[in-house]
Amino acid sequence: MYKAIIFDFFGVIYSDPANRWFQKHDIERTGEYADIFKQVDHGFITLEKAFNELAKLSGQPADDIRSVFGQTDMIDHEVVEIINNLKQNYKIGLLSNASSGYLRKLLHENSLDILFDNLVISSEVGMIKPNPAIFEIAMDNLGVEPKESIFIDDWPNNVSAARELGLQGIVFSNALDLKENLESLGIKI
(Lines give C-alpha, C1' and ligand atoms only; values in the text may rest on other atoms or scores of the structure.)
Protein backbone atom coordinates (compact mmCIF):
# COMPACT_ATOMS: atom_id res chain seq x y z
CA MET A 1 0.00 0.00 0.00
CA TYR A 2 2.60 2.58 1.06
CA LYS A 3 5.32 3.31 -1.48
CA ALA A 4 6.96 6.48 -0.15
CA ILE A 5 7.91 8.01 3.17
CA ILE A 6 8.58 11.74 3.20
CA PHE A 7 10.59 13.25 6.03
CA ASP A 8 10.96 16.76 7.36
CA PHE A 9 14.58 17.57 8.16
CA PHE A 10 14.86 20.07 11.02
CA GLY A 11 13.40 18.70 14.23
CA VAL A 12 13.26 15.15 12.85
CA ILE A 13 16.61 14.14 11.36
CA TYR A 14 18.57 17.15 12.55
CA SER A 15 17.95 19.26 15.63
CA ASP A 16 16.49 22.61 14.58
CA PRO A 17 19.24 25.22 15.13
CA ALA A 18 16.70 28.05 15.09
CA ASN A 19 14.76 26.42 17.92
CA ARG A 20 18.02 25.86 19.76
CA TRP A 21 18.86 29.55 19.48
CA PHE A 22 15.37 30.64 20.55
CA GLN A 23 15.45 28.33 23.59
CA LYS A 24 18.97 29.41 24.55
CA HIS A 25 17.84 33.03 24.71
CA ASP A 26 14.33 32.34 26.03
CA ILE A 27 12.76 34.03 23.00
CA GLU A 28 9.39 33.00 21.53
CA ARG A 29 9.48 31.97 17.87
CA THR A 30 6.60 34.29 17.05
CA GLY A 31 5.96 37.68 15.48
CA GLU A 32 8.95 39.30 13.82
CA TYR A 33 11.22 36.42 14.83
CA ALA A 34 8.99 33.87 13.07
CA ASP A 35 8.64 36.17 10.07
CA ILE A 36 12.41 36.23 9.56
CA PHE A 37 12.51 32.45 9.19
CA LYS A 38 9.45 32.43 6.93
CA GLN A 39 11.36 34.81 4.64
CA VAL A 40 14.38 32.50 4.68
CA ASP A 41 12.22 29.43 4.05
CA HIS A 42 10.51 31.13 1.10
CA GLY A 43 13.89 32.09 -0.32
CA PHE A 44 13.18 35.82 0.01
CA ILE A 45 16.27 36.50 2.16
CA THR A 46 19.54 34.69 2.81
CA LEU A 47 20.36 33.01 6.07
CA GLU A 48 23.14 35.56 6.53
CA LYS A 49 20.62 38.41 6.31
CA ALA A 50 18.44 36.53 8.80
CA PHE A 51 21.35 36.39 11.27
CA ASN A 52 21.74 40.16 10.98
CA GLU A 53 17.99 40.74 11.40
CA LEU A 54 17.89 38.45 14.45
CA ALA A 55 20.87 40.31 15.91
CA LYS A 56 19.07 43.65 15.52
CA LEU A 57 15.89 42.31 17.12
CA SER A 58 17.48 40.40 19.98
CA GLY A 59 20.59 42.42 20.75
CA GLN A 60 22.66 39.23 20.38
CA PRO A 61 25.75 39.34 18.13
CA ALA A 62 25.20 37.89 14.66
CA ASP A 63 28.34 35.75 15.14
CA ASP A 64 26.76 34.08 18.19
CA ILE A 65 23.62 33.31 16.18
CA ARG A 66 25.72 32.01 13.28
CA SER A 67 27.68 29.73 15.64
CA VAL A 68 24.50 27.93 16.74
CA PHE A 69 23.77 27.17 13.09
CA GLY A 70 27.32 25.85 12.68
CA GLN A 71 27.10 23.25 15.45
CA THR A 72 27.62 19.71 14.23
CA ASP A 73 26.16 17.60 17.05
CA MET A 74 22.60 17.74 15.83
CA ILE A 75 22.02 14.57 13.80
CA ASP A 76 19.58 12.04 15.23
CA HIS A 77 21.51 8.91 14.27
CA GLU A 78 18.63 6.63 15.30
CA VAL A 79 16.37 8.33 12.75
CA VAL A 80 19.10 8.02 10.11
CA GLU A 81 19.30 4.29 10.86
CA ILE A 82 15.51 4.00 10.46
CA ILE A 83 15.70 5.79 7.10
CA ASN A 84 18.52 3.51 5.93
CA ASN A 85 16.37 0.49 6.75
CA LEU A 86 13.27 1.98 5.09
CA LYS A 87 15.22 2.79 1.94
CA GLN A 88 15.38 -0.91 1.09
CA ASN A 89 11.60 -1.09 0.54
CA TYR A 90 10.30 2.47 0.10
CA LYS A 91 11.04 5.66 -1.80
CA ILE A 92 12.37 8.23 0.64
CA GLY A 93 11.68 11.92 0.20
CA LEU A 94 12.79 15.03 2.05
CA LEU A 95 10.40 17.98 2.35
CA SER A 96 11.88 20.82 4.35
CA ASN A 97 11.21 24.48 5.02
CA ALA A 98 14.78 25.70 4.76
CA SER A 99 17.44 27.81 3.15
CA SER A 100 18.63 25.80 0.17
CA GLY A 101 22.35 26.54 0.55
CA TYR A 102 22.37 25.80 4.27
CA LEU A 103 20.38 22.57 4.01
CA ARG A 104 22.23 21.23 0.97
CA LYS A 105 25.55 21.93 2.70
CA LEU A 106 24.42 20.06 5.84
CA LEU A 107 23.19 17.12 3.79
CA HIS A 108 26.42 16.90 1.78
CA GLU A 109 28.85 17.43 4.67
CA ASN A 110 27.12 14.76 6.76
CA SER A 111 26.57 12.31 3.86
CA LEU A 112 22.82 12.53 4.45
CA ASP A 113 21.96 13.40 0.85
CA ILE A 114 22.35 9.74 -0.11
CA LEU A 115 19.38 8.85 2.11
CA PHE A 116 16.85 10.48 -0.20
CA ASP A 117 15.40 9.69 -3.58
CA ASN A 118 14.17 13.26 -3.88
CA LEU A 119 14.57 16.61 -2.10
CA VAL A 120 12.01 19.39 -1.98
CA ILE A 121 13.40 22.47 -0.25
CA SER A 122 10.98 25.33 0.32
CA SER A 123 13.35 28.13 -0.69
CA GLU A 124 13.93 26.39 -4.05
CA VAL A 125 10.23 26.10 -4.88
CA GLY A 126 9.14 29.42 -3.33
CA MET A 127 6.56 28.04 -0.93
CA ILE A 128 6.54 26.56 2.56
CA LYS A 129 4.69 23.88 4.44
CA PRO A 130 1.79 23.73 5.19
CA ASN A 131 0.97 24.95 1.64
CA PRO A 132 -0.72 21.93 0.00
CA ALA A 133 1.13 22.54 -3.28
CA ILE A 134 4.52 21.76 -1.72
CA PHE A 135 3.27 18.31 -0.68
CA GLU A 136 2.01 17.76 -4.23
CA ILE A 137 5.48 18.59 -5.58
CA ALA A 138 7.07 16.06 -3.21
CA MET A 139 4.63 13.31 -4.22
CA ASP A 140 4.90 14.10 -7.94
CA ASN A 141 8.69 13.95 -7.75
CA LEU A 142 8.46 10.52 -6.09
CA GLY A 143 5.73 9.32 -8.47
CA VAL A 144 3.25 8.47 -5.72
CA GLU A 145 -0.33 9.26 -4.77
CA PRO A 146 -1.33 10.63 -1.35
CA LYS A 147 -2.73 7.26 -0.19
CA GLU A 148 0.67 5.70 -0.97
CA SER A 149 2.58 8.26 1.10
CA ILE A 150 3.53 8.83 4.73
CA PHE A 151 4.69 12.24 5.89
CA ILE A 152 6.72 12.77 9.10
CA ASP A 153 7.21 16.19 10.69
CA ASP A 154 7.66 17.62 14.18
CA TRP A 155 5.14 20.42 13.53
CA PRO A 156 1.56 19.16 13.99
CA ASN A 157 0.10 21.77 11.61
CA ASN A 158 2.31 20.45 8.79
CA VAL A 159 1.18 16.89 9.52
CA SER A 160 -2.46 18.04 9.56
CA ALA A 161 -2.00 19.68 6.15
CA ALA A 162 -0.56 16.44 4.76
CA ARG A 163 -3.45 14.44 6.20
CA GLU A 164 -5.97 16.81 4.60
CA LEU A 165 -4.43 15.89 1.23
CA GLY A 166 -4.80 12.17 1.99
CA LEU A 167 -1.28 11.30 3.13
CA GLN A 168 -0.77 9.33 6.31
CA GLY A 169 0.84 11.67 8.83
CA ILE A 170 3.07 11.10 11.83
CA VAL A 171 3.97 13.83 14.31
CA PHE A 172 7.59 13.18 15.23
CA SER A 173 8.69 13.23 18.86
CA ASN A 174 11.60 10.76 18.97
CA ALA A 175 13.08 7.81 17.07
CA LEU A 176 11.49 5.10 19.23
CA ASP A 177 8.03 6.62 18.87
CA LEU A 178 8.60 6.99 15.11
CA LYS A 179 9.54 3.34 14.78
CA GLU A 180 6.44 2.27 16.71
CA ASN A 181 4.19 4.53 14.62
CA LEU A 182 5.62 3.20 11.37
CA GLU A 183 5.32 -0.41 12.50
CA SER A 184 1.68 0.20 13.49
CA LEU A 185 1.07 1.16 9.85
CA GLY A 186 2.59 -2.12 8.66
CA ILE A 187 5.88 -0.57 7.61
CA LYS A 188 8.84 -2.94 7.68
CA ILE A 189 11.89 -1.37 9.31
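Below is a table of values for the structure above.
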item	result
Residue under evaluation Ile36, criteria (1) of a type outside the set (Asp, Glu); (2) under 22 Å from Leu142 (Cβ atoms); (3) touching a helix residue (DSSP H, G or I) at 6+ places or on another chain (Cβ under 7 Å), criterion not met	(2)
Subset tally (residues that are of a type in the set (S, T, N, Q), within 15 Å of the chain's Cα centre (by Cα) and not in a helix (DSSP H, G or I)) for region 1-54	1
Number of positions in region 53-88 that are farther than 28 Å from Gly143 by Cβ, modelled with pLDDT of 95 or more and open to solvent by 70 Å² or more (accessible area, probe 1.4 Å)	3
Any hit, region 38-47, residues being of a type in the set (A, V, I, L, M) and either touching a strand residue (DSSP E or B) at 6+ places or on another chain (Cβ under 6 Å) or modelled with pLDDT under 95 (or both)	yes
Residues satisfying the stated conditions in region 1-48, i.e. within 15 Å of Ala98 (Cβ to Cβ), among the β-branched types (Val, Ile, Thr) and open to solvent by less than 70 Å² (accessible area, probe 1.4 Å)	Ile6, Val12, Ile13, Ile36, Val40, Ile45
Members of region 110-120 that are open to solvent by 30 Å² or more (accessible area, probe 1.4 Å) and in contact (Cβ under 8 Å) with a residue 24 or more places away in the chain	Asn110, Asp117, Asn118, Leu119
Hey, Lys91 among the basic types (Lys, Arg), open to solvent by 50 Å² or more (accessible area, probe 1.4 Å) and out of contact with any Pro (no Cβ under 6 Å at 6 or more places or on another chain) or not	yes
Those residues of region 121-168 which are among the small types (Gly, Ala, Ser) and crowded, with 22+ Cβ neighbours inside 10 Å, in sequence order	Ser122, Ser123, Ala138, Ser149, Ala162
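The values are calculated or read from the model by the stated rules, or taken from the named source; none is laboratory data. Everything numeric in this text was worked out from a predicted model, so none of it was measured. With ideal geometry, Cβ positions are generated from the backbone for all residues, glycine too; neighbour counts draw on all protein chains shown. Ligands, DNA and RNA are excluded from the accessible area calculation, which covers all protein heavy atoms including side chains. Shrake-Rupley method; radii C 1.70, N 1.55, O 1.52, S 1.80 Å.
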